[in-house]
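A short reminder: the numbers here are calculations on the coordinates, not readings from a lab. No experiment lies behind these values; they were computed from the predicted model shown. Note that each Cβ is placed from the backbone with ideal geometry, even for glycine, and that neighbours are counted across all protein chains shown.
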Amino acid sequence: MERSSNALRVVVDTTRVSADRRVYDPSPAVLRILARRYGHKWIGTTDRGTPIFETIMPPPDLLAQAVAAGVMFTEPRTLDHDAWIHAAQQAVAAVTAREVGQAFLASLTSRRMDLRSALASYALTQHLPDHTYTERPSGVTCAVCGILRNRDGTVDPEDLNLFSQIRFGGGGLPGNIQYAAFDLEQFAQAPRLVPTSDDLSLGQQIIDYLRQLPPKTTAAQAARSLTIVLGTRDQRGTLMESLGICGILHSPGHPGYADAFIPDWKADTDWPSQRFPFGGYPTWWWKAEGGISDTALRQFLPQLT
């Protein structure tokens, strides 16, 4: 939750907005409601030691304003495993790699985190297969997609306001299928920006910087030093995770999702020998000696090749 509360800043330059679509309103006044008046307060633990949080909602008038703007929601979303998979497949089918790549680039100078988020969500779900819930031997998550199911077969409701806060404040939740479904559905209603020459220049600087790092530099170290990208450390970390999910960060033997879906049983058990791995699969494997995949770059960000 800490990631989602960081620097919820969105700039909408109307001279750059692509026209003629039904869009939500990410104006600063509305996003301040989401950032400052919504949250979770720790109130104790269960008998088993599980933390209990109380959801803090804005006053009714402010909530109504944020809901009308399309950035907050009155109810959680309750779907079963199969319905979440269908939602993700439907959402990713409605957008293209070109659209999410353009949005990612346009986010670099505008700091529109909601636009940046879609790239990883698209890469994660573009090859998501049809499947029924297949429980992993070691737990209660689906071996294919990682969705957690309760013993009675239900899936816990998802707090869409938490997803929205992460989306606008942190730039995404790479690797999470439910978030990806929500994210891409919202992306279809996002006021888009056209990348500027400054965006393209900064994107090229990021790629060039990652190419020239010392061979043993890890993704965590690269994220910390990527200060040419304005924003918080968490936002830069999520940017690196997005490039990893896409396979733009090339990790030999540990592919991203550009060409095929990586089942959760593999992604969640393919850990490097690090005490505190950075992010998730496959980004935690990346070192600068692996370089940048020109193939993945052409697929998602061809302007930078």
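What list of ³J(HN,Hα) couplings, whole Hz, do you get for segment 94-109 from phi and the Karplus terms 6.51, -1.76, 1.60, once you set θ to phi - 60° and write x for glycine and proline?
8, 10, 10, 4, 4, 4, 6, x, 4, 5, 4, 5, 5, 7, 5, 9
Where does each of 48, 111 land when they are ranked from fewest to most other beta-carbon atoms within 10 angstrom?
48, 111
Based on Cα positions only, what radius of gyration and what Dmax would you give for segment 197-304, in angstroms?
13.2, 41
Could you line up 250, 127, 40 from fewest to most neighbouring Cβ atoms inside 10 Å?
Going from sparsest to densest Cβ surroundings: 127, 40, 250.
What list of ³J(HN,Hα) values in whole Hz, one per residue of segment 292-300 in order, does the Karplus curve 6.51 cos²θ - 1.76 cosθ + 1.60 (θ = phi - 60°) give from phi, with Gly and Pro shown as x?
Residue by residue, segment 292-300 yields 10, 7, 5, 5, 5, 4, 5, 6, 10 Hz.
Order of 239, 63 from fewest to most other C-beta atoms within 10 Å?
63, 239
Counting only Cα atoms, I'd like the Rg/Rh figure for segment 156-245, Kirkwood definition for Rh.
1.01
Using θ = phi - 60° and the Karplus relation 6.51 cos²θ - 1.76 cosθ + 1.60, list the HN-Hα couplings for segment 126-138 in order, rounded to whole Hz, with x at every Gly or Pro.
Taking θ as phi minus 60°, the curve returns 5, 10, 4, x, 4, 6, 9, 4, 10, 6, 6, x, 8 Hz for segment 126-138.
Name the residues whose placed amide hydrogens come within less than 5 Å of the amide hydrogen of residue 193, ignoring near sequence neighbours (fewer than 5 apart) on the same chain.
Answer set, sorted by chain and number: 18.
What is the log10 of I(q)/I(0) for segment 51-121, computed with the Debye formula using one identical point scatterer on each Cα and no solvent, at q = 0.16 Å⁻¹?
Log10 of I(q)/I(0), two decimals: -0.89.
Could you tell me the largest-minus-smallest coordinate of the C-alpha atoms of the chain on each of the three principal axes, in descending order and whole angstroms?
52, 49, 35
Add +1 for every Lys or Arg and -1 for every Asp or Glu among the other residues with Cβ under 14 Å from the Cβ of residue 297, and state the total.
Values: positive: 98, 211, 298; negative: 208, 259, 294.
My count for the surroundings of residue 297 gives 0.
State the Cα centre-to-centre distance between segment 92-131 and segment 221-268 in whole Å.
If we compute the Cα centre of each part, the gap is 14 Å.
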